[in-house]
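The values are calculated or read from the model by the stated rules, or taken from the named source; none is laboratory data. Values in this document were obtained by computation on a predicted structure and should not be read as measured data. Positions of Cβ are generated from backbone atoms using ideal geometry, with glycine treated the same way; all protein chains shown enter the neighbour counts. In case anyone asks, the SASA skips ligands and DNA or RNA and just uses the protein heavy atoms, side chains included. Shrake-Rupley method; radii C 1.70, N 1.55, O 1.52, S 1.80 Å.
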Amino acid sequence: MEWLQQLINGISLGSIYALIALGYTMVYGIIKLINFAHGEVFMIGAFIGFYSIAGWGFGFIPALLLSMTVCAIIGVIIERVAYKRLRTATRIAALITAIGVSLLIQNGVIYMRGAQPEAYPEVLANKSYNLFGAQISSQAILILSVALVLMIILQFIVHKSKIGKAMRAVSYDSEAAKLMGINVDTTISATFAIGSALAGAAGVIFGIYYTKIDPLMGVIPGLKAFVAAVLGGIGIIPGAMVGGLVLGVVETFVSALGFSLWRDAAAFVILILILIFKPSGIFGKNTREKV
Amino acid sequence: MKKSKQFWAFIGTSIAAYVIIQILINAGMLNVFYSNTLIFMAINIMLAVSLHLVIGITGQFSLGHAGFLAVGAYISAIVTMKLQLPFPVAILAAGVVATIAGLIIGIPSLRLRGDYLAIATLGFAEIIRIVFLNIEYVGGAAGMQVTHLTNWTYTFICLFLTILVIVNFTNSRHGRACISIRENEIAADAMGINTTYYKVLAFAIGAFFAGTAGALYAHNFYIIQPANFGFLKSIDILIYVVLGGLGSLSGAIVATVLLTIVSTFLQNYPETRMIIYSLVLIIVMLYRPKGLMGTMEITDYFKLWRGSKGGSKNGQ
């Protein structure tokens with residue numbers, strides 16, 4: 001039952017990637033920008049969770065909600081300050097700005113509190129349950145249930161609420177949406193808020209699962225979540241979930257087969273293969289380029 | 001005739017600069033710290049200029065330049081340390097292998113556009129780093145011992161050739177084809193320019209010079225580690241090009257000189273340095289999305305100045 005064990009580990013890891021990837025995919029879908037700073041929002045989420053649990057004695061759920069709220073605010077600030085001016089600029093300029101914001105947040109956090117890692121406090125007793133010979137820890141169950149609940153809420157927001165309808169309209173055609181009376185600025189801010197809140201939640205559950213956080217932790221999961229978003233078809237919300245899960249499972253199996261040092265390379269190999277053979281991703285449709 | 005005059009002026013000035021600095025070094029007037037900064041600056045200029053060809057001239061946003069630097073560094077280290085061959089051979093081998101790496105990366109990924117290309121090249125650079133991390137022959141994560149062989153003469157010759165080749169390439173028919181790809185790829189394609197060929201060509205030339213810079217970089221230190229060639233190194237090089245102006249060679253050189261001096265002074269405060277770098281990136285992109293000098297060269301400013309004073313001599 002070794003493979004089942006690995007599958008469970010992979011899904012736990014994959015659901016963290018999926019939560020981050022949702023933010024990438026939503027932002028990309030709406031303003032066509034790879035928000036490099038998204039991994040840093042994830043890191044900030046992890047730190048807020050850490051300080052609220054270890055410093056102020058919060059429980060798990062309040063810490064999660066606090067971190068999601070703060071991350072949502074940070075996401076909106078980033079969008080307003082750094083990206084708003086660049087909506088009509090070239091893609092390269094927007095991408096370079098996003099890299100700049102990412103470096104600024106990383107080094108700002110290091111400047112404020114130092115680069116040393118922190119050990120995450122244990123918020124719930126680590127019990128493990130036996131399932132067909134595989135061990136499921138209570139933390140894995142927690143991660144899965146939190147991720148699942150958040151994804152269901154997200155689906156609800158996107159498909160049933162008014163702001164979700166506006167988001168879909170703006171991502172389809174922002175000019176036409178504006179003509180129909182949709183406030184494009186508010187909609188983009190809302191997208192950033194929701195995506196960043198999900199990244200914040202991912203940060204907290206990442207901290208609980210891996211028990212170690214540091215200011216540079218956002219870089220690699222951020223890049224991998226982006227790979228997950230591309231894998232599923234960037235701009236497509238179910239694609240990000242599937243992409244995240246696939247990536248998590250593949251990565252876990254690569255390390256289980258004894259190539260743990262190659263684990264990070266696996267994600268990029270997948271990325272390059274998908275970009276070469278099906279750039280629109282698993283769920284994507286081919287679009288013609290307009291001249 | 002004007003072009004060739006400029007060409008000889010460039011060669012004259014650079015040889016003069018070389019001789020003066022060499023005399024200063026020999027006379028002991030430049031201490032080790034300054035001459036090292038100078039060498040480091042020259043290596044950075046090579047990297048910036050080679051990336052400028054890819055981003056500034058051809059308009060292909062590559063985030064993987066540190067990968068070519070790593071290939072050059074490791075290949076040259078293997079040639080000198082393991083095969084015991086002379087340093088010039090190592091520099092050439094570094095360039096050639098980096099070119100091959102550039103072709104391998106460029107041919108598939110240059111079919112992608114914009115941010116997808118950026119992410120793919122970033123992925124390739126990370127793969128290169130992880131490959132070196134996992135090869136025991138080159139020391140894995142602990143790194144590889146290298147003897148200090150880089151000196152001002154080698155650095156100068158490499159820098160000189162890099163700038164010479166890239167300037168001449170840019171001013172040639174090939175360079176104009178690359179610029180047309182930068183301005184509008186679809187239009188360039190429609191005009192009968194083989195866009196894939198030129199993109200790969202620019203990428204391979206950029207990789208060649210990044211590789212030679214890697215050879216100098218490796219032999220300027222005593223040890224090289226895969227950690228030196230991560231994502232941040234690519235960003236460092238990108239900042240030189242972006243700050244100078246996307247499309248301005250002299251801009252890239254000036255930005256590299258300035259930022260190398262700044263980072264030498266801030267060596268003991270890496271966070272402060274990165275905060276300054278990132279703020280510079282954000283502010284420049286928000287207010288001057290084409291970089292400080294845009295596509296202008298320094299000589300253009302002289303022309304403007306002269307033009308405003310007494311009108312153009314050629315009556316243009």
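With label points built 7 Å along Cα→Cβ from the Cα atoms of B:L304 and B:M29, find their separation and express it in nm.
3.5
With θ set to phi - 60° and the Karplus curve 6.51 cos²θ - 1.76 cosθ + 1.60, what are the ³J(HN,Hα) couplings of segment B:101-111 in order, to the nearest whole Hz, using x for Gly and Pro?
Running phi through 6.51 cos²θ - 1.76 cosθ + 1.60 with θ = phi - 60° gives 4, x, 5, 4, 6, x, 4, x, 7, 6, 6 Hz.
Measure up A:K212/A:K278; A:K278/B:K199; A:K32/A:K162; A:K84/B:K290; A:K32/A:K212 against 29 Å on the Cα-Cα distance and list the ones that go over.
A:K212/A:K278; A:K32/A:K212
Using all Cα-Cα distances in the protein assembly as shown, what percent lands in each 10 angstrom bin from 0 up to the longest?
3, 16, 26, 26, 17, 9, 3, 1, 0
Against the globular-protein guess of 2.2 N^0.38 Å, express the Cα radius of gyration of segment B:77-125 as a ratio, rounded to two decimals.
Ratio of Cα Rg to 2.2 N^0.38 Å: 1.52.
Among A:227-240, A:207-220, how do they line up by average Cβ neighbours within 10 Å per residue, starting with the highest?
Numbers: A:227-240: 26.5, A:207-220: 19.7.
Most protected by this proxy first, the peptides run A:227-240, A:207-220.
Using a 1.4 Å probe and counting only protein heavy atoms, how much accessible surface gets buried when A and B come together, both sides summed, in Å² to the nearest 100? Write down the numbers at each step before the final one.
Values: alone 14610 and 15940 Å², together 26850 Å².
For chain A against chain B, roughly 3700 Å² becomes buried.
Taking every residue in A:86-95, how many Cβ atoms of other protein chains lie within 10 Å of its Cβ, on average?
Values: counts 3, 0, 1, 4, 7, 6, 12, 9, 4, 7.
For peptide A:86-95, the averaged partner shielding equals 5.
To the nearest 10 Å², what's B:E297's accessible area with a 1.4 Å probe?
Rounded to the nearest 10, that gives 50 Å².
Mind putting a number on the dipole of the protein assembly as shown about its Cα centre? Charges go on the C-beta only, +1 for Lys and Arg and -1 for Asp and Glu, and I need it in Debye to the nearest 20. Don't skip to the end; give the middle numbers.
On the way: 39 positive and 22 negative charges, 372 e Å.
Its charge dipole is roughly 1780 debye.
Once amide H atoms are placed 1.01 Å from N in the peptide plane, what residues at a sequence separation of 5 or more from A:S137, or on another chain, have their amide H within under 5 Å of its amide H?
A:Y129
If I take R0 = 56 Å and measure r between the Cβ atoms of B:I11 and A:L273 in this structure, what FRET efficiency does the formula 1/(1 + (r/R0)^6) give, to the nearest 0.05?
Efficiency for this residue pair is about 0.75.
Go through A:104-113, B:82-91 and give me the packing order, highest mean Cβ count within 10 Å leading. Before the final figure, lay out the partial values.
Values: A:104-113: 18.4, B:82-91: 15.0.
Packing order, densest peptide first, comes out as A:104-113, B:82-91.
Please list 3J(HN,Hα) in residue order for segment A:4-20, calculated via the Karplus relation 6.51 cos²θ - 1.76 cosθ + 1.60 where θ = phi - 60°; whole Hz, with x for glycine and proline.
Per-residue couplings from phi come out as 5, 4, 5, 4, 5, 4, x, 5, 4, 4, x, 6, 5, 4, 4, 4, 5 Hz.
Residues of chain B: accessible area per residue at 1.4 Å, in Å²?
With the other protein chains kept in place, chain B gives 45 Å² per residue.
What is the magnitude of the charge dipole of chain B about its Cα centre, with +1 placed on the Cβ of each Lys and Arg, -1 on the Cβ of each Asp and Glu, and no other charges, expressed in debye to the nearest 20?
It works out to roughly 980 debye.
When the Karplus curve 6.51 cos²θ - 1.76 cosθ + 1.60 is applied with θ = phi - 60°, which whole-Hz ³J(HN,Hα) does each residue of segment B:216-229 get, with x for Gly and Pro?
With coefficients 6.51, -1.76 and 1.60, one gets 5, 4, 5, 7, 8, 10, 9, 8, 10, 10, x, 5, 6, 10 Hz.
Return the long-range amide H neighbours of A:G233 (sequence gap of 5 or more, or a different chain), with a cut-off of under 5 Å between placed amide H atoms.
A:I282, A:F283
Provide the convex hull volume over Cα atoms per residue for segment A:132-175, in Å³.
89
Quickly work out the B:V19-to-B:V165 label distance, labels modelled 7 Å from Cα along the C-beta direction, and quote it in nm with one decimal.
2.7
How much net charge surrounds A:I188 when only the other residues with a Cβ under 11 Å from the Cβ of A:I188 are counted, with Lys and Arg +1 and Asp and Glu -1?
+1
Provide Rg over Rh for segment A:75-193; use the alpha carbon set for both Rg and the Kirkwood Rh (inverse mean inverse pair distance).
That ratio equals 1.12.
Take the Cα atoms of segment A:1-154, build their convex hull, and give its volume per residue in Å³. Could you put the intermediate results ahead of the total?
Working: hull volume 21.3 nm³, N = 154.
Residue-normalised Cα hull volume stands at 138 Å³.
Could you give the semi-axes, largest first, of the ellipsoid that matches segment B:10-133, computed as the square roots of 5 times the alpha carbon gyration tensor eigenvalues and rounded to whole Å? Present the calculation step by step, with values, prior to reporting the outcome.
On the way: eigenvalues 197, 78, 32 Å².
Gyration-tensor ellipsoid for segment B:10-133: 31, 20, 13 Å.
Show the residues, 5+ positions off or on another chain, whose built amide H is closer than 5 Å to the amide H of B:I223.
HN-HN under 5 Å from B:I223: B:V146.
In vacuo Debye scattering of chain A, one point per C-alpha: log10 I(q)/I(0) at q = 0.14 Å⁻¹?
-1.03
Give me the distance in nm between label points sitting 7 Å out from Cα along the Cα-to-Cβ direction at B:I186 and A:T186, one decimal.
3.4
On alpha-carbon atoms, Rg over Rh for segment B:66-181 using Kirkwood Rh?
Rounded to two decimals, Rg/Rh equals 1.02.
What does the average come to when, for each residue of peptide A:259-270, you count the partner chain Cβ atoms lying within 10 Å of its Cβ?
The shielding value for this peptide is 4.
Which order do peptides A:190-201, A:85-96 fall in by mean Cβ count within 10 Å, highest first? Could you put the intermediate results ahead of the total?
On the way: A:190-201: 27.8, A:85-96: 18.8.
The packing order, highest mean first, is A:190-201, A:85-96.
Of A:G218, A:V249, A:L150, whose Cα points farthest to the positive end of the dipole of segment A:135-291 (charges on the beta-carbon: +1 Lys, Arg; -1 Asp, Glu; origin at the Cα centre)?
My answer, from the dipole projection, is A:L150.
Tell me the net charge near A:E251. Cut-off is 10 Å between Cβ atoms, A:E251 excluded, with +1 for each Lys or Arg and -1 for each Asp or Glu.
So the environment of A:E251 carries a net charge of +1.
Between Rg and the Kirkwood Rh of segment B:117-219, both from Cα atoms, what is the Rg to Rh ratio? Spell out each step's value before the answer.
Values: Rg = 17.8 Å, Rh = 16.4 Å.
Reported Rg/Rh (Cα atoms, Kirkwood Rh): 1.09.
Per residue of B:237-246, what is the mean number of Cβ atoms on other protein chains within 10 angstrom of that residue's Cβ?
The per-residue average across the peptide is 2.
If you line up the Cα atoms of segment A:178-291 on their principal axes, what length do they span on each, largest first, in Å?
Largest first, segment A:178-291 extends 56, 34, 21 Å along its Cα principal axes.
In nm², what is the average projected area of the convex hull enclosing the Cα atoms of chain B?
For chain B, averaging the hull's shadow over all directions gives 18.0 nm².
Give me the aspartates and glutamates in straight-line cross-link reach of B:K233: C-alpha distance below 19 Å, same-chain residues under 8 apart excluded.
Reachable aspartates and glutamates: A:E40, A:D264, B:D115, B:E126, B:E271.
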